[in-house]
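Enquirer: I'd like to ask you about the structure that follows.
No lab work stands behind these numbers, since they all come straight from the coordinates. What you see is a predicted model; the values in this text were computed from it and never measured. Backbone-built Cβ (ideal geometry, glycine too); neighbour counts: all protein chains shown.
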Amino acid sequence: MTGQKQDQLHERMTIRGAVDSASFVPWIRRHAAKLGLRQEIRHAGPGRIELDVAGPVELIDMLEMGCSLGPIDVWVETITRTPAAGGTGG
Amino acid sequence: MKLYDYILSPSCYKVRLMAALAGVKLDIRPVDFHPGLEHRGPELMALNPAGSIPILEDGDLVLTESSAILVYLAAKAAPDWLGGDAAEEAARVQQWLSFSGRLTASLGGARLHEMLLRPGDIGALQAQGIAALRELEAGLFEQSLRGQRFLVADRPTVADIACFPYVALAPDGGVSLDPYPTIRRWSRALRALDAFIEMPGIHRLHELKPEPHIESGEA
Amino acid sequence: MTQDAMIDEWYPVGLVSRLDGNGRKTALMGEPIEVASDTDGSARVTSKGRVLPVRVRYGHVWASLGQPQKELFAIPEADQPGRRFVDVGVVRVRCSPLRAVENFLDIAHFPFVHTDILGSEPHTEVQNYKVEIREDADEVWATQVKFYQPQAARSASGGITTEYMYRVPAPTCSVLYKTCPPRPGEWDVITLFVQPLAEDLCDVWPWMALFDDESSMTDLIHFQQTIFLQDRSILENQIPRLLPLDPGMEIPTRADLTSVAYRRWLKRRGYTYGAQLVAQ
Amino acid sequence: MLSDPTGSWTPVVLSADLPPGTVVPARTPAGPIALWRSASGRPSASADRCPHRGMRLSHGFVRGETLSCIYHGWSYGQAGNCLRIPAHPGLAPPETIRVATHPVEEVGGVLWVGVGEPATQPPQLAGLVPLRSLQARAGVAAIEAAAGAKADADGLLETTQGSQKIHLLLACQERDETLIHVLLEGEGSVAERVAASRAVEALRRKAEALEMERDAP
């Protein structure tokens with residue numbers, strides 16, 4: 001894992017839980033921006049937020065770490081990640 | 001030479017540090033100072049009725065004052081560290097060796113109170129500690145005007161080793177070192193010495209070594 | 001901060017070996033308490049005249065300000081023959097009790113804070129490991145944690161990859177299982193028991209159950225005190241002093257997975273004494 | 001003294017007290033900062049908090065042209081951008097992971113840190129040579145009273161102690177604490193500089209006594 005090459009992944013991240021919070025989507029955007037990750041929110045509804053994200057795996061991991069805690073009024077039950085087919089315009 | 005030692009004691013650390021700098025090998029006898037209070041037990045009280053550590057044993061000689069131990073180690077193995085014979089330099093060494101007792105009483109007392117819950121008037125201890133740090137800062141600054149980086153000369157002596165540990169660990173007792181630029185430079189100069197060793201609470205100066213690189217594939 | 005679910009938990013309040021009739025004044029979650037031995041030698045903890053529930057276990061006296069719903073967590077290794085039990089003694093730290101536990105769960109700082117003891121550059125990489133909240137036991141577990149240790153034991157001449165398991169059985173306690181060089185197949189047990197004095201002040205009581213027939217008891221105490229005192233200046237200089245449950249002002253990475261799981265668990269259970277709820 | 005710190009400069013440390021390869025803590029009206037000088041001599045100022053887990057960066061170390069956090073070794077460049085995350089050595093951190101920075105100017109042996117975006121340069125202090133810095137547990141008013149002089153808009157005050165003219169450059173810290181930079185007119189002899197240092201120590205004692213009187217009920 002110490003190589004120089006940083007593979008760019010495209011992933012769909014599905015966040016489930018008590019996430020129907022107006023605070024969470026801006027929070028996710030802010031955190032992704034801090035990580036330099038391009039993201040696109042695909043779905044934001046009661047119980048589920050879906051976003052497409054592109055970047056090196058370590059950075060997507062970092063987004064997942066941050067989101068799994070999230071703001072205090074949100075409870076994230078699970079986060080799943082699946083490969084996405086270059087859906088973020090990258 | 002046998003040192004009755006406690007790893008968290010700045011006074012014991014003075015001895016370990018001086019020995020490392022002088023190239024003296026010590027036979028370390030760990031003392032359960034905390035939580036065991038072994039220094040107040042019969043075996044150690046028989047050796048040192050004051051009930052304090054460090055204690056240095058060398059044959060028949062038993063020394064219980066850290067400044068005396070520093071002088072002994074330096075005289076035996078590294079006479080340069082004793083300071084010069086000139087009246088002023090010799091007196092400066094004594095001045096700061098005595099002064100180090102005030103650091104122990106003030107900053108050391110604050111540290112024991114804040115860290116190991118020993119009794120004490122914390123406000124008074126911290127105020128006395130700050131007064132001592134200001135005195136040290138002024139003294140080191142005047143030395144720097146004379147072109148000397150250390151307390152007595154432009155080379156370190158036992159006086160520096162006597163003062164350094166309690167100063168470096170002042171934040172353990174809730175006393176900030178932020179306001180003392182000259183102390184900071186002096187502390188750094190000591191920590192950069194070749195044979196310098198740390199104690200818990202004094203971090204490694206990682207910048208003294210270049211950033212190490214790992215070969216790809218090596219775990 | 002209103003007192004929360006943490007009120008009903010057990011906390012260490014003193015060493016059993018140091019109990020005496022005079023009583024020791026200390027505090028628990030902002031309340032003054034007194035820890036003493038009763039006339040029959042048993043431990044007695046009182047708060048403003050009220051007698052608190054007490055347990056005596058793992059070298060320490062445990063008490064609770066509330067009504068504990070659960071028994072004090074089990075450490076089966078504490079009953080295992082052949083282990084040596086080490087009372088490391090108390091160290092006070094000006095930080096949130098939760099920060100003290102979080103730091104204990106972290107391996108990535110070893111090369112920089114415990115240099116040449118628990119880690120060293122360039123061996124800084126944190127390999128993936130597993131973390132779960134075990135719902136049955138209601139505990140956080142991190143397993144398969146591996147990290148390069150430059151000197152695994154006093155006798156070891158070179159570095160080895162040491163394996164760790166971390167367990168959080170109570171909001172201010174953690175149990176670490178670590179590769180035990182003299183007894184392959186067994187784990188050394190190193191715990192961090194934290195007494196919350198206030199939201200930003202704690203007394204830390206490390207305790208160990210080790211297989212080690214070589215070292216003196218004092219050597220073992222000094223080793224653990226060394227490690228903890230290297231951490232103390234870190235803990236006293238993290239901003240904010242409380243543990244953030246919202247990482248909006250932080251950047252956790254996969255290496256921080258145990259920390260994130262610990263904070264998730266605190267958040268889920270409403271264990272917020274010593275926590276900062278909104279990032280600022 | 002300026003009451004509105006937006007767009008102002010704060011004198012935080014003397015050049016001589018920040019050798020290459022070191023980092024020091026300092027305070028500005030914008031909060032605590034870590035001021036550091038790279039091995040090649042360039043000074044930088046960053047917020048005194050690592051964005052990873054909140055450790056004070058002024059406790060860190062300077063290797064080459066980077067400042068590293070003592071906790072997990074995250075390294076930052078002059079512009080505040082993260083360059084290295086040791087736990088993930090394969091990752092080249094993106095530009096967006098960064099610590100906030102402040103402009104730094106080194107003028108006349110004093111390092112000034114900008115708060116906001118100052119439109120002007122820091123004062124030149126022409127003809128003045130820095131001696132030392134010291135902290136007083138006294139506000140500017142008490143120091144002015146002890147010195148018998150008022151500070152100008154740059155925080156500069158001129159006083160005569162004994163037979164010596166001494167200039168004090170004052171920077172407010174938290175509460176009633178003031179950082180005093182002592183400046184002299186020209187180098188002077190060692191004896192003169194020692195005397196000036198002692199005179200300012202005396203002035204500090206006086207100012208702190210005045211501050212205590214003022215606080216007394």
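Enquirer: Would you please give the residues with an amide H less than 5 Å from that of D:R63, counting only those at least 5 places away or on a separate chain, with H modeled from the backbone geometry?
Expert: Amide H neighbours of D:R63: D:S68.
Enquirer: Just how large is the dipole of the range D:75-217 about the Cα centre, in debye to the nearest 20, putting +1 at every Lys and Arg Cβ and -1 at every Asp and Glu Cβ? Spell out each step's value before the answer.
Expert: On the way: 13 positive and 19 negative charges, 76 e Å.
Here the size comes out at about 360 debye.
Enquirer: Using the Cα atoms of the range B:84-124 to build a convex hull, what is its mean projected area in square nanometres? Write out the running numbers ahead of the final one.
Expert: Working: hull surface 13.7 nm².
With the hull built on Cα positions only, its mean projection is 3.4 nm².
Enquirer: Using Cβ counts within 10 Å as a stand-in for footprinting exposure, how do D:K150, A:K34, D:K206, B:K25 rank, fewest first?
Expert: Starting with the residue having the fewest Cβ neighbours, the order is B:K25, D:K150, D:K206, A:K34.
Enquirer: Quick check: convex hull over the Cα atoms of chain A, volume per residue in Å³, rounded to an integer?
Expert: Working: hull volume 8.3 nm³, N = 90.
Normalising the Cα hull of chain A by residue number yields 92 Å³.
Enquirer: What FRET efficiency comes out for B:Q94 versus C:D4 if R0 is 60 angstrom and r is the Cβ-Cβ distance? Round to the nearest 0.05. Please list the in-between numbers first.
Expert: On the way: r = 58 Å, r/R0 = 0.97.
So, using R0 = 60 Å, E works out to roughly 0.55.
Enquirer: Something else: Could you pull out every one of the lysines with an alpha carbon less than 25 Å from that of C:K130, ignoring same-chain neighbours closer than 8 positions?
Expert: Cross-link targets: C:K146, C:K178, C:K267.
Enquirer: Run down the lysines and flag those whose C-alpha is under 19 Å from the C-alpha of B:K76, throwing out any fewer than 8 positions away in its chain.
Expert: Output for B:K76: B:K2, B:K14, B:K25.
Enquirer: Roughly how crowded by other chains is peptide C:98-111, in terms of the mean Cβ count from those chains within 10 Å of each of its Cβ atoms? Each step should come with its number before you reach the end.
Expert: Values: counts 0, 2, 0, 0, 1, 2, 0, 0, 4, 1, 10, 9, 1, 7.
The shielding value for this peptide is 3.
Enquirer: What is the sum of charges, Lys and Arg at +1 and Asp and Glu at -1, for the other residues whose Cβ falls under 10 Å from the Cβ of B:P156?
Expert: Numbers: positive: B:R149, B:R155; negative: B:D80, B:D154, B:D160.
That sum, taken over residues with Cβ under 10 Å, equals -1.
Enquirer: Got a sec? How would D:R63, D:R175, C:R268 order by Cβ neighbour count within 10 Å, fewest to most?
Expert: Taking fewest neighbouring Cβ atoms as first place, the list is D:R175, C:R268, D:R63.
Enquirer: Each residue of the range B:53-58 in turn: what ³J(HN,Hα) in whole Hz from Karplus with 6.51, -1.76, 1.60 and θ = phi - 60°, glycine and Pro shown as x?
Expert: Result, rounded to whole Hz: 10, x, 10, 10, 10, 9.
Enquirer: With 35 Å as the cut-off, how large is the P(r) tail for the protein assembly as shown, expressed as percent of Cα-Cα pairs? Walk me through the numbers before you get to the answer.
Expert: On the way: 170296 of 324415 pairs.
That fraction is 52 percent.
Enquirer: Pairing rule first: another cysteine's C-beta must sit under 4.7 Å. Under that rule, which cysteines of chain D stay single?
Expert: D:C82, D:C172
Enquirer: While we're looking at this one, here's another question. Considering only B:A78, B:I28, B:N48, whose Cα is most displaced toward the positive end of the charge dipole of the range B:2-78, charges sitting on Cβ of Lys, Arg (+1) and Asp, Glu (-1)?
Expert: Looking along the dipole axis, the top candidate is B:A78.
Enquirer: If you don't mind, another one. Given Cβ point charges of +1 (Lys, Arg) and -1 (Asp, Glu) and nothing else, what value in debye, to the nearest 20, does the dipole of chain B about its Cα centre take?
Expert: On the way: 21 positive and 28 negative charges, 61 e Å.
That gives chain B a dipole magnitude of about 300 debye.
Enquirer: Further question: Mind listing the phi-derived Karplus ³J(HN,Hα) values for the range A:14-30, rounded to whole Hz, using 6.51, -1.76 and 1.60 with θ = phi - 60°, and x for any glycine or proline?
Expert: 10, 10, 10, x, 7, 10, 6, 9, 4, 7, 6, 4, x, 4, 4, 4, 5
Enquirer: So how far apart, in nm, are the two label points at A:R30 and A:D7 if each is 7 Å from Cα heading toward Cβ?
Expert: For A:R30 paired with A:D7, the spin-label model returns 3.3 nm.
Enquirer: How well do other chains shield peptide B:136-143, expressed as the mean number of their Cβ atoms within 10 Å of each residue Cβ? Could the numbers behind the result be given before it?
Expert: Working: counts 0, 5, 7, 0, 0, 8, 6, 0.
Mean number of neighbouring Cβ atoms from other chains: 3.
Enquirer: Taking a ≥ b ≥ c as the square roots of the Cα gyration tensor eigenvalues, with a/c under 1.5 meaning rounded and otherwise prolate when a/b beats b/c, else oblate, which class fits chain C? If you can, show how the numbers build up before the last one.
Expert: Numbers: a/c = 1.75, a/b = 1.20, b/c = 1.45.
Here chain C falls in the oblate category.
Enquirer: Could you work out the mean count of beta carbons from other protein chains within 10 Å of each residue's beta carbon in D:63-75?
Expert: Working: counts 6, 3, 0, 2, 1, 4, 3, 9, 11, 13, 9, 4, 1.
Per residue, the number of nearby Cβ atoms from other chains is 5 on average.
Enquirer: Right, another one. So what J values fall out for the range B:46-51 if you push phi through Karplus, 6.51 cos²θ - 1.76 cosθ + 1.60 with θ = phi - 60°, rounded to Hz, Gly and Pro as x?
Expert: 5, 7, 9, x, 6, x
Enquirer: Counting only residues 5 or more places away or on other chains, whose amide H sits under 5 Å from the amide H of C:C95 once H atoms are built in the peptide plane?
Expert: Amide H neighbours of C:C95: C:L201, C:C202.
Enquirer: Set the Förster radius R0 to 60 Å, insert the Cβ-Cβ distance between C:A78 and B:M45 as r into 1/(1 + (r/R0)^6), and round the FRET efficiency to 0.05.
Expert: Values: r = 34 Å, r/R0 = 0.56.
E(calc), rounded to 0.05, equals 0.95.
Enquirer: Can you sort D:I33, C:I133, A:I60 by how many other beta carbons sit within 10 Å, fewest first? Spell out each step's value before the answer.
Expert: On the way: D:I33 27, C:I133 16, A:I60 23.
The order, fewest Cβ neighbours first, is C:I133, A:I60, D:I33.
Enquirer: What order do you get for B:82-88, C:121-127 when each peptide is scored by the mean count of other beta carbon atoms within 10 Å, highest first?
Expert: Working: B:82-88: 13.7, C:121-127: 19.9.
In decreasing order of mean packing, B:82-88, C:121-127 become C:121-127, B:82-88.
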